[in-house]
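Data block below; observations after.
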Amino acid sequence: MTRPFLLQAEQFRNGRRGQLRCEGAIVAVLASEAALVPSPLTVRTIRRLGRLDAGHGASAGLILVVGFLRVFCGAKAPEFFLANPVFWGKIAAFAAVWS
């Protein structure tokens, strides 16, 4: 049974919007980390960097979750993505950076 087109389009838009928010969060975290690194490394700075790094990891994890939700619950059939080498290239790059 197929879902109505408007429902599929709405889910696609909402999924992409969530992914963009996570990507924006990663940019903000990386900018904050870059601003803190030149400062003297005190215990307070190291703790702050640890919290920022945890936020970076959480945002990256959310991007992965939203991406897979788009694959399996999105407007296009999962076969479109699973047969696409670009999709697997992105997954491999994500795994290489995250490992």
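Since every read-out is calculated from the coordinates, none of them should be taken as a lab result. These numbers were taken from a predicted model, which means no experiment stands behind them. We place every Cβ from the backbone using ideal geometry, glycine too, and count neighbours over all the protein chains shown.
Look through the stretch 41-84, keep the residues that are of a type in the set (D, E, K, R) and closer than 22 Å to TRP98 by Cα, and return whichever of them is surrounded by the most Cβ atoms within 10 Å (Cβ to Cβ). Before you say what the answer is, go through the steps one by one.
If we filter the stretch 41-84 for residues that are of a type in the set (D, E, K, R), which is where we start, we get 44, 47-48, 51, 53, 70, 76, 79.
Filter again for closer than 22 Å to TRP98 by Cα, leaving 47-48, 51, 53, 70.
On the way: ARG47: 10, ARG48: 15, ARG51: 11, ASP53: 12, ARG70: 20.
Applying the filter and picking the extreme gives ARG70.
With the structure loaded, tell me whether LYS76 is of a type outside the set (Val, Ile, Thr) and either touching a strand residue (DSSP E or B) at 6+ places or on another chain (Cβ under 8 Å) or not in a helix (DSSP H, G or I) (or both) or whether it fails that test. Against the criterion (of a type outside the set (Val, Ile, Thr) and either touching a strand residue (DSSP E or B) at 6+ places or on another chain (Cβ under 8 Å) or not in a helix (DSSP H, G or I) (or both)), LYS76 qualifies.
Test PRO38 against the criterion of being more than 22 Å from PHE94 (Cα to Cα), surrounded by fewer than 15 Cβ atoms within 10 Å (Cβ to Cβ) and not hydrophobic (A, V, I, L, M, F, W, C), and give yes or no.
On the way: more than 22 Å from PHE94 (Cα to Cα): yes; surrounded by fewer than 15 Cβ atoms within 10 Å (Cβ to Cβ): yes; not hydrophobic (A, V, I, L, M, F, W, C): yes.
Criteria met by PRO38.
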